[in-house]
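A short worksheet on the structure shown next.
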Amino acid sequence: MRWEDFRRSDNVEDRRGQGGLGGGLGGGRVPGGRGGLGIGGLIIVGLIAWATGINPAVLIGGAEILMGGGGQSQQQQQPSQSANRGAPDDQLGQFAATVLAQTEDVWSEIFKQQGKTYKDPGMVLFSGSTRSGCGAAQSAMGPFYCPLDQKVYLDLSFFQEMKTRFRASGDFAAAYVIAHEVGHHVENQIGLLAKVQERQQQVSRAEANQLSVRVELMADCLAGVWANHADARFKILEDGDIEEALNAASAIGDDRLQKQSQGYAVPDSFTHGTSAQRVSWFKRGLQSGSLQQCNTFGSGNI
């Protein structure tokens, strides 16, 4: 992937090396949960949560945290005054800031063409743990997007974990992860997330999970739309890049992850989509370059 010669986003807060969460969480319980999960459950959540794209507390406690039902977690947490703002100096930080900048350029133009204004998301780089507007952010959760403060939270060490745990290596695989999280910001901008979260409170757990799957597959498709436009505008793609992204999408399908962790898959518990679905929707966005082609809620068979 070609990225070194392009601009970096200034919408980055670098909290790496700071003192972590601080007090106030008490007992290690994940905010917004309904009684919390044991260690075994948290390990499974940690394994798949980066693919969820929304704070993993939602995996544990439904949509409470995003609808204001999670107590202190609904309060936006302010970053430390010592947070460095703007593009970082290290290579990985600059890479993340560059991909974020390209999502800004692509989505601003797409929204403009539709007579709308795109509000850039923020990105918080952290190490270990920090606070988000949705509550605790920890490395084990993987990258996620918080709708309450409209920021993507990312521990850059996760990209190394992608290589070792998921066997999904390559800079474009990492770019796909960032673009997927920004895809949730796009969903938030068009009002989709709030509607889905409200609906999730009215249906069964299995139906709520299906809604989550549609949200996730749409974000995969939107990542593909970004890749289409970014390559047309900046010529970023090199040989093997698309295969890297498709491999990453396949590696984090619910069916594959559940079989790896427990030996079998439980479709009613899927919250992200199967490997085949994730690959299919990313390719759909990549090939079409159209936001309208990403309407997973209008597709009877996803």
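The values are calculated or read from the model by the stated rules, or taken from the named source; none is laboratory data. Keep in mind that what you see is a predicted model, and the values were worked out from it rather than measured. Here Cβ is always computed from backbone atoms with ideal geometry, including for glycine, and neighbour counts include all displayed protein chains.
Numerical summary
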read-out	value
Matching residues, region 205-236, being assigned to a loop (DSSP other than H, G, I, E, B) and surrounded by fewer than 19 Cβ atoms within 10 Å (Cβ to Cβ)	235
Residues that are closer than 16 Å to residue 189 by Cα and among the basic types (Lys, Arg), drawn from region 95-144	112, 116, 119
Residue that is surrounded by the fewest Cβ atoms within 10 Å (Cβ to Cβ), among those in region 238-267 that are touching a Lys or Arg at 6+ places or on another chain (Cβ under 8 Å) and either charged (D, E, K, R) or outside any helix (DSSP H, G or I) (or both)	238
Test: residue 137 is among the aliphatic types (A, V, I, L, M) and at pLDDT below 95	yes
Condition broken by residue 89, with the remaining ones in (1) within 24 Å of residue 245 (Cβ to Cβ); (2) without any contact (Cβ under 8 Å) to a residue 12 or more places away in the chain satisfied	(1)
Candidate set: region 268-302, residues that are assigned to a helix (DSSP H, G or I) and of a type in the set (A, V, I, L, M); chosen: the one farthest from residue 188 (Cα to Cα)	276
All positions within region 77-98 that are of a type outside the set (A, V, I, L, M, F, W, C), surrounded by 16 or more Cβ atoms within 10 Å (Cβ to Cβ) and at pLDDT below 85	77, 79
Unmet requirement for residue 169, which otherwise passes all of (1) touching a helix residue (DSSP H, G or I) at 6+ places or on another chain (Cβ under 8 Å); (2) farther than 19 Å from residue 295 by Cα; (3) in a helix (DSSP H, G or I); (4) among the polar types (S, T, N, Q)	(3)
Cross-chain or 6+ apart pairs with Cβ under 8 Å, region 99-123 first and free of Cβ contacts under 8 Å to residues at least 12 places away in the same chain and surrounded by fewer than 18 Cβ atoms within 10 Å (Cβ to Cβ), then assigned to a helix (DSSP H, G or I) and aromatic (Phe, Trp, Tyr)	117/111
Strands (runs of 3 or more DSSP E) fully within region 103-160 counting 3 or more residues that are not hydrophobic (A, V, I, L, M, F, W, C)	129-132
Out of 255, 268, 239, 220, sole residue that is touching a residue at least 24 places away in the same chain (Cβ under 8 Å) and over 20 Å from residue 178 (Cβ atoms)	268
